[in-house]
Amino acid sequence: MQKVLILSSSPRRGGNSDTLSDEFMRGASESGHSVEKIFLRDKTIHYCTGCSTCSLHGKPCPQKDDMPEILDKMIAADIIVMATPVYFYTMSAQMKTLIDRCCGLYTQMTNKKFYFIVSAAEEDQSKMKRTIDAFQGFLDCLENPSIKGIIYGLGVWHMGEVHNKPVMKEAYKMGLEI
């Protein structure tokens, strides 16, 4: 049994990327894994201020928000699933803010397996490269990460459009097979 942490950055509960996260979670849970999903909209995560308290002085971030709890869960997880809607060919602001706040403890995120879930109105998968490259930029700073899968929910814009797409089964199956 592995510890799976899903970070859903959709600003809409039940949005397309959030719905795909739920399908991944359903599959992983049915396989007997311990799965937790954090809906970032429900959390308070302030922007990094660049104060260097964490990186230069090794002290906890002075900001009082939910990020320490999320970081602890990221460090404890075996698998991290990062789900985002794609806006203007990149990840949501909520996901980027979370990544930026990993600064102080990212060196403790070792040997993690990652899955990415993206949803976009765009239908051309090659145009999602920028979004995946942004995730890769985060992983490039970690020790021994591995990308295990990417789920592309394409051609969906309005909430619920993903429901009748084959990618729903793909998300479930990918969760089932971890």
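Things worth noting here:
- Residue in segment 52-64 that is touching a helix residue (DSSP H, G or I) at 6+ places or on another chain (Cβ under 9 Å), at pLDDT 95 or above and surrounded by 14 or more Cβ atoms within 10 Å (Cβ to Cβ) present: no
- Residues of segment 62-90 that are closer than 27 Å to ILE147 by Cβ and touching a His at 6+ places or on another chain (Cβ under 9 Å): MET67, ASP78, ILE79.
- Selection count, segment 82-98, where residues are out of contact with any Pro (no Cβ under 7 Å at 6 or more places or on another chain) and crowded, with 21+ Cβ neighbours inside 10 Å: 8
- Subset of segment 49-99 that is small (Gly, Ala, Ser) and out of contact with any strand residue (DSSP E or B) (no Cβ under 7 Å at 6 or more places or on another chain) - its residue that is nearest to GLY175 (Cα to Cα): ALA93
- For segment 114-149, a residue qualifies if it is assigned to a loop (DSSP other than H, G, I, E, B) and not aliphatic (A, V, I, L, M), and the qualifying residues are GLU122, GLU123, ASP124, ASP140, CYS141, ASN144, PRO145.
- Which numbered condition TYR152 misses (of (1) in contact with a helix residue (DSSP H, G or I) (Cβ under 6 Å, 6 or more places away or on another chain); (2) surrounded by fewer than 17 Cβ atoms within 10 Å (Cβ to Cβ)): (2)
- So GLY32, is it part of a loop (DSSP other than H, G, I, E, B) and closer than 20 Å to VAL4 by Cβ: yes
- Flag for VAL81 being of a type in the set (A, V, I, L, M, F, W, C) and under 10 Å from the mean Cα position of the chain (by Cα): yes
- Breaking point among (1) small (Gly, Ala, Ser); (2) within 25 Å of GLY50 (Cα to Cα); (3) surrounded by 13 or more Cβ atoms within 10 Å (Cβ to Cβ), for GLY137: (3)
- Any hit, segment 17-25, residues being out of contact with any Phe, Trp or Tyr (no Cβ under 7 Å at 6 or more places or on another chain) and assigned to a loop (DSSP other than H, G, I, E, B): no
- Scanning segment 79-113 for residues that are within 20 Å of HIS46 (Cα to Cα) and in a helix (DSSP H, G or I) yields a count of 9.
- Cβ-Cβ under 6 Å pairs, at least 6 apart or on other chains, segment 38-58 side over 17 Å from LEU7 (Cβ atoms), far side in a loop (DSSP other than H, G, I, E, B): THR53/LYS59; THR53/PRO62; CYS54/CYS61; CYS54/CYS103; CYS54/GLY104; SER55/CYS103
The values are calculated or read from the model by the stated rules, or taken from the named source; none is laboratory data. Everything quoted here is computed from the prediction, not taken from an experiment. Positions of Cβ are generated from backbone atoms using ideal geometry, with glycine treated the same way; all protein chains shown enter the neighbour counts.
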